[in-house]
């Protein structure tokens, strides 16, 4: 009886160890063996947040309910498959989900009636530095500028399985990027890279890619919808985390004309601070930014129109075009 009991226990231990080995082997080789499509997010600046991300408006002062005006400039396509127009698909989905999920952001897109004149000449191929782009954004009365695009579309190889069951499979990788520029400082308040992968591709799909028949890859756009839906709340949070800022667009004696209208939530009689232009600084890589300047005066809103406002200077000297305007704190 003792020998039989020992053999039974020994048999159970061997079986259990084999089971653990198989589980570990599957986990080591990755869950891609069992799924046809997976998304891999490569973070550049912030921790990954899943699709349950909530919009967290800026709650630091009296401007927490003020609408931020943001422009989206045409996305880039740096792949050899220009005819796929993946950048247009991605751009359209980002516009859709930001508009749906961000009630305190007014999004302006190329071709729209209210799109800033200062940005109309900016195209996907424009090579503008961050400070030049920020200057154009301030001229247009914006809070931020969104840009993005498709960086790469290529086949990659991945080994799967263990020991003599190991095999090499090809997968399609598409790399996207999204950036949000704060126009007051010229700094990026959001900067992300994403790699979308399609695995377990059929042989005819792989061959179609190699001979340049991209029509078979229209399914990529279907999976972009989830990516856009996941990332839109993060963009909203990055923008709403910044205090609201408007700009002086004209000065006439004791009156100033401002870059915002009555649609953003500011009312006649509101008193705002006027700040200095700030100081331009340069980092080690040659990028230039603006350090926000201090308070130089105050104005009272006297008249609100659809796109512009008029303010009366209460005090302050040397108030000029381009001076930032902020809520009193």
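Structure above, values below:
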read-out: Residue exposure sequence - 259, 103, 309 - by fewest surrounding Cβ within 10 Å; value: 103, 259, 309
read-out: With 10 Å bins from 0: P(r) over the stretch 59-178, alpha-carbon pairs, percent; value: 11, 33, 27, 14, 9, 5, 1
read-out: By average C-beta atoms within 10 angstrom, highest first, the peptides 248-257, 187-196, 293-302, 117-126; value: 187-196, 293-302, 248-257, 117-126
read-out: Convex hull (Cα only) mean projected area of the stretch 223-329, reported in nm² to one decimal; value: 9.5
read-out: Burial ordering of 127, 225, fewest other beta-carbon atoms within 10 Å first; value: 127, 225
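Readers should treat all values here as calculations from the given coordinates under stated rules, not as data from a laboratory. As the structure is a computational prediction, the values presented were derived from the model and not from experiment. As a convention, Cβ positions derive from the backbone with ideal geometry for all residues, glycine included, and neighbour counts pool all protein chains shown.
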